[in-house]
1. What does the highest-first list of 49-58, 68-77, 29-38 look like by mean Cβ count within 10 Å?
2. Once you've got the GNM for the chain with C-alpha springs shorter than 10 Å, pick whichever of 118, 83, 109 has the biggest mean-square fluctuation.
3. Mind sorting 136, 107 by how few other Cβ atoms lie within 10 Å of their own Cβ, fewest first?
4. Report the label-to-label distance for residue 103 and residue 58 in nanometres (one decimal), using points 7 Å from each Cα along the Cα→Cβ vector.
5. Could you give the length gained on full extension between residue 143 and residue 185, defined as 0.36 nm per residue of separation minus the Cα-Cα distance, in nm?
6. Comparing 133, 175, 17, which has the greatest mean-square fluctuation in the GNM of the chain with Cα pairs linked when under 10 Å apart?
7. If a/c stays under 1.5 just call it rounded; otherwise compare a/b with b/c (prolate if a/b is bigger, oblate if not). Do that for segment 59-102, with a ≥ b ≥ c from the square roots of the Cα gyration tensor eigenvalues.
8. Express the relative contact order of the chain as a whole percentage, based on alpha carbon pairs under 8 Å and six or more residues apart in sequence.
């Protein structure tokens, strides 16, 4: 298994629609010319952007977070350019980019160091072979202070690993429950 370079990522995005929309270079400015947390192709990965849709967890209704019986009252929906994640709390978001992972590829997604240095942890599970959709992003604020997350800017980096042989059963073959997700997707059973 090997990791792929910027050249391979550009080729797969252009020829196979692996990432849409696709930024083929590192972008460090917002549309209005202000500094932004970078996104786009890097040396050996792709820095995805977070959309302006967030589900911020709250304890207002005293619910329990249960992956087998997820209660919509455990979060509030927010659409904003800057999301404030409360201290020691959590939010869900989604990527702007839609991914189509080839059958011979697995990805690992890690939070960007700019956020990590602020106590923000981004947790995303691997994108399995032949999975496609918007990425649901888990954002944890580990600090005792409110934390800002900037929509339409970089949040996490995706690394693409190519297998030496193609998998026998892909995510699509299994009919994975998060296949072709388009919004922030809460746990499914």
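1. Result, highest mean Cβ count within 10 Å first: 49-58, 68-77, 29-38.
2. 118
3. Ascending Cβ contact count within 10 Å gives the list 136, 107.
4. In this crude spin-label approximation the distance works out to 4.7 nm.
5. Contour length minus the Cα-Cα distance gives 12.6 nm.
6. 175
7. oblate
8. Result for the chain is 27 percent.
All of the numbers you see were taken from the coordinates with simple rules; none came from a lab. Keep in mind that what you see is a predicted model, and the values were worked out from it rather than measured. Please note: Cβ atoms are built from the backbone with ideal geometry, for glycine as well, and neighbour counts cover all protein chains shown.
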